[in-house]
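Heads up, the thing below is written out as C-alpha cells.
The values are calculated or read from the model by the stated rules, or taken from the named source; none is laboratory data. Just so it is clear, the structure is predicted and the values come from calculations on it, not from any experiment. Counting neighbours? That spans all protein chains shown, and the Cβs are built from the backbone with ideal geometry, glycine included.
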Amino acid sequence: MAQPQSYKHHARYDPPFHFFIIPMLLLNLIFAIYATIHAWPAFEHTHLWWIAMSLVFFAMAGVSRMSALRAQDRVIRLEEQLRLADLLPEDQLGLIDAITLPQFIALRFAPDAELAALAQRAAAENLTGDQIKRSIATWRPDHHRV
C-alpha cells in the first residue's frame, strides 16, 4: 500500500514519461552519437541529421511536459483563488491578489482549517512554496498532479 501523502512523500512521477519516453529519447541520442562516430565519414549528413532530430525530440518532450504543467498550474491557481474567496472574511479578499503562483501551488496541500491563516502568512512573509509546505500541519493530498 502506498504511503499517505505528506511533505516527504508528495513528489510524483509520470511513469510513461519519466521511465519510458525520456530514457528512450536518451538512448536514441546516445546511439545517434555512437553511430555517427563509428560510421564517419560515410553517411555523415544522415548521422548528423539523426543527432539533430534526437535533440528535437528531447525538446518536444520537454515543451509538451512544461505546457501540461503550466495548464495544471493555472487550474490550481483558479481552484485556490476560489477556495480562498470562500474561506477568507470579506475584508481580507484583497489578500488573494498578493499571493504568487508558486504560493498557490503550495497552498493546495493545506486543509480548509489552515488555509486562511497560512495564506495570510504566505503573503505577509513572502514565504516560498517549500516554506508553505513545511508549515502545513495536516496534509491535504493531491493525487491528480503529474
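Values as computed for the structure displayed
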| read-out | value |
| --- | --- |
| Set Ala124, Ala98, Ala119, Ala137: member being farther than 28 Å from Pro16 by Cα and surrounded by 16 or more Cβ atoms within 10 Å (Cβ to Cβ) | Ala119 |
| The range 1-60 - residue that is part of a helix (DSSP H, G or I) and of a type in the set (Gly, Ala, Ser) and, of those, farthest from the chain's Cα centre (by Cα) | Ala39 |
| Filtered residue count, the range 12-32, keeping only those that are surrounded by 14 or more Cβ atoms within 10 Å (Cβ to Cβ), among the hydrophobic types (A, V, I, L, M, F, W, C) and either closer than 20 Å to Trp50 by Cβ or out of contact with any Lys or Arg (no Cβ under 7 Å at 6 or more places or on another chain) (or both) | 5 |
| Selection from the range 96-146 of residues that are more than 16 Å from Arg77 (Cα to Cα), small (Gly, Ala, Ser) and part of a helix (DSSP H, G or I) | Ala113, Ala117, Ala124, Ser135 |
| Residue match in the range 114-132 (condition: in contact with an Asp or Glu (Cβ under 6 Å, 6 or more places away or on another chain) and more than 14 Å from His10 (Cα to Cα)) | no |
| Condition met for Thr36 (polar (S, T, N, Q), surrounded by 15 or more Cβ atoms within 10 Å (Cβ to Cβ) and modelled with pLDDT of 95 or more) | no |
